[in-house]
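These notes concern the structure reproduced below.
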Amino acid sequence: MAATQFGRRIGAAAEEKLRRNGSMRGSLMVAASRAIAERIPLVDLIVHVTDARIPLSSQCHLLTNYPSTSIKQIIALNKMDLAGSTSLQAWMDYFRQRNCVSCGVNAHNKENIKQFLSLIQRQVRKLRGTDHANYTATVMLIGIPNVGKSALTNALHQVGRISAAEKGKLKHATVSPEPGETKDIRSFKIGSHPNIYVLDTPAVLSPEVPNVDALSKLILTGAIGDCLVERKEIAQYFLAIHNSNEQYKKWEKLSTNDNDTLFFNGTTNCLTSSGSHRKQSKQIPTDHTQDCIVQNVRRTLFETVSSFEGNIRCEVEMEALIARQFIALQEIMNVQSECEEDAHDKVAGKLLNLFRTGRLGHYIFDHLPKNIL
Ligand SMILES: Nc1nc2c(ncn2[C@@H]2O[C@H](COP(=O)(O)OP(=O)(O)OP(=O)(O)O)[C@@H](O)[C@H]2O)c(=O)[nH]1
Ligand SMILES: [Mg+2]
């Protein structure tokens, strides 16, 4: 499939660069990995934080290298809002069949965090094997960069402290869309009776460069910074996946119902084809994902793919479609630049931001291993 070729292209370019640099990890990460590895046998429970869009490619080597029975862990498939809960069920079944406790999580959803906290509390109680609550347990979050360890820590700390009616200032772990933000191991209280603390930790990456397929997915989801390959190439990879996927068909109504309507802001007004302004409070959904730019990007992607007459299975023809999409997106994103390269870079940045915040559909990029289907 053409999308796979686009992925391999960026995976190979990144691999080459990493091999020349010698390693995926800086000296800080090496030291942090050692400190985390030393604590693994000492904590009560490990939450192995992965990205639900790539449940296998985002696994942390520190944990996969352990025999599965020797560590007590919950596999948290975080960012499940970006993966879509229906497809994620098959992955949870996959982990269940391997006797792993797994759970889809959305660090931004309070109700979901409450359920996740209950799961952690149940597991801790089970592991301690006692009904009394006069003890302190430690839970360590471990994962590769940018999977949401700090966002989960903050959410658990907030929900756990509030439900325990604890007073005092809430602490905050720094959360950032850039990978490698957390530099130290820090402890946050998430429950009383028993006292449970979570350790937010710096990201861990394997010293081995992963295969090109996994590498391209890590780059696409933002686990590895955009500095290894050009943003335009990453955006092209996303478009190749998007164009090969059926999801864009859901956006057909944006093209047919509203093609005479130009949205000029994302709130309450719109400009009709006749030029008059009218209130749109009923017509623009209140969901934040439905803002004006998102609508226009979705409509443009729908129109460019559905009107394309070439064969998108062929890499060269897919490339031609993507080139058209860049031109169309540049216009609707209102990107102006003297230099084409610079304009494409800006379009790519905006497109990747929309995709990575879930506004261009739900995706799971890893395939379930065939033998369990
Ligand atoms: N949509 C969505 N975004 C999330 C979720 N969890 C975290 N994020 C976002 O993902 C990005 C990375 O989150 P962090 O919590 O900083 O990730 P981390 O694993 O601590 O990253 P490092 O400290 O760099 O290893 C941020 O932009 C978060 O807002 C989630 O469940 N859903
Ligand atoms: Mg962090």
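The values are calculated or read from the model by the stated rules, or taken from the named source; none is laboratory data. Just so it is clear, the model here is predicted, and its values are computed rather than measured. Positions of Cβ are backbone-derived with ideal geometry, glycine not excepted, and every protein chain shown enters the neighbour counts.
Check off (1) at pLDDT below 90; (2) part of a helix (DSSP H, G or I); (3) of a type in the set (S, T, N, Q); (4) closer than 20 Å to LEU45 by Cα for SER118 and give me the number that stays unchecked.
That leaves (1) as the condition not met.
Could you check, for segment 134-152, whether at least one of its residues is over 30 Å from ILE224 (Cα atoms), touching a residue at least 60 places away in the same chain (Cβ under 8 Å) and assigned to a loop (DSSP other than H, G, I, E, B)?
yes
Would you list the strands (runs of 3 or more DSSP E) that sit entirely within segment 193-294 and hold 2 or more residues that are modelled with pLDDT of 95 or more? Don't jump to the end; show me each part of the working.
Working: elements: 195-200, 269-271, 277-279.
Of the strands (runs of 3 or more DSSP E) lying wholly inside segment 193-294, those with at least 2 residues that are modelled with pLDDT of 95 or more span 195-200.
Please specify each residue of segment 123-147 satisfying the condition of being under 30 Å from ARG356 (Cβ atoms) and not hydrophobic (A, V, I, L, M, F, W, C).
First pass over segment 123-147, keeping only residues under 30 Å from ARG356 (Cβ atoms): 139-147.
Of everything in segment 123-147, those that are under 30 Å from ARG356 (Cβ atoms) and not hydrophobic (A, V, I, L, M, F, W, C) turn out to be GLY143, PRO145, ASN146.
If you go through segment 175-208, how many residues are touching an Asp or Glu at 6+ places or on another chain (Cβ under 9 Å) and among the basic types (Lys, Arg)?
2
Can you pull out every residue in segment 167-178 that is surrounded by 12 or more Cβ atoms within 10 Å (Cβ to Cβ) and either part of a strand (DSSP E or B) or more than 9 Å from ligand 2 (Cβ to nearest atom) (or both)?
Hits for segment 167-178 are LEU170, LYS171, HIS172.
Could we say that ALA32 is under 23 Å from the mean Cα position of the chain (by Cα), farther than 28 Å from TYR363 by Cβ, modelled with pLDDT under 95 and in a helix (DSSP H, G or I) here? Steps first, answer last, please.
Values: under 23 Å from the mean Cα position of the chain (by Cα): yes; farther than 28 Å from TYR363 by Cβ: yes; modelled with pLDDT under 95: yes; in a helix (DSSP H, G or I): yes.
It is true that ALA32 is under 23 Å from the mean Cα position of the chain (by Cα), farther than 28 Å from TYR363 by Cβ, modelled with pLDDT under 95 and in a helix (DSSP H, G or I).
Answer with yes or no whether ALA203 is buried (at least 17 other Cβ atoms within 10 Å of the Cβ), more than 30 Å from VAL316 (Cα to Cα) and within 16 Å of ligand 2 (Cβ to nearest atom). Break it down stepwise before answering.
On the way: buried (at least 17 other Cβ atoms within 10 Å of the Cβ): yes; more than 30 Å from VAL316 (Cα to Cα): yes; within 16 Å of ligand 2 (Cβ to nearest atom): yes.
Taking the combined requirement at face value, the residue satisfies it.
Go through ILE185, ILE144, ILE162 for me and flag whichever is within 16 Å of ligand 1 (Cβ to nearest atom) and either surrounded by fewer than 22 Cβ atoms within 10 Å (Cβ to Cβ) or at pLDDT below 95 (or both). Full working, then the answer.
Values: ILE144 fails: either surrounded by fewer than 22 Cβ atoms within 10 Å (Cβ to Cβ) or at pLDDT below 95 (or both); ILE162 fails: within 16 Å of ligand 1 (Cβ to nearest atom).
Testing whether each residue is within 16 Å of ligand 1 (Cβ to nearest atom) and either surrounded by fewer than 22 Cβ atoms within 10 Å (Cβ to Cβ) or at pLDDT below 95 (or both) leaves just ILE185.
Going by the conditions given, is ASP131 more than 16 Å from ligand 1 (Cβ to nearest atom), surrounded by fewer than 23 Cβ atoms within 10 Å (Cβ to Cβ) and acidic (Asp, Glu)?
Values: more than 16 Å from ligand 1 (Cβ to nearest atom): yes; surrounded by fewer than 23 Cβ atoms within 10 Å (Cβ to Cβ): yes; acidic (Asp, Glu): yes.
Considered against the rule, which asks whether it is more than 16 Å from ligand 1 (Cβ to nearest atom), surrounded by fewer than 23 Cβ atoms within 10 Å (Cβ to Cβ) and acidic (Asp, Glu), ASP131 comes out as yes.
Every residue in segment 188-200 that is surrounded by fewer than 21 Cβ atoms within 10 Å (Cβ to Cβ) and within 16 Å of ligand 2 (Cβ to nearest atom), please. Step through it out loud before you land on a result.
Step one: filter segment 188-200 for residues surrounded by fewer than 21 Cβ atoms within 10 Å (Cβ to Cβ), giving 189, 192-195, 197, 199.
Matches in segment 188-200: LEU199 only.
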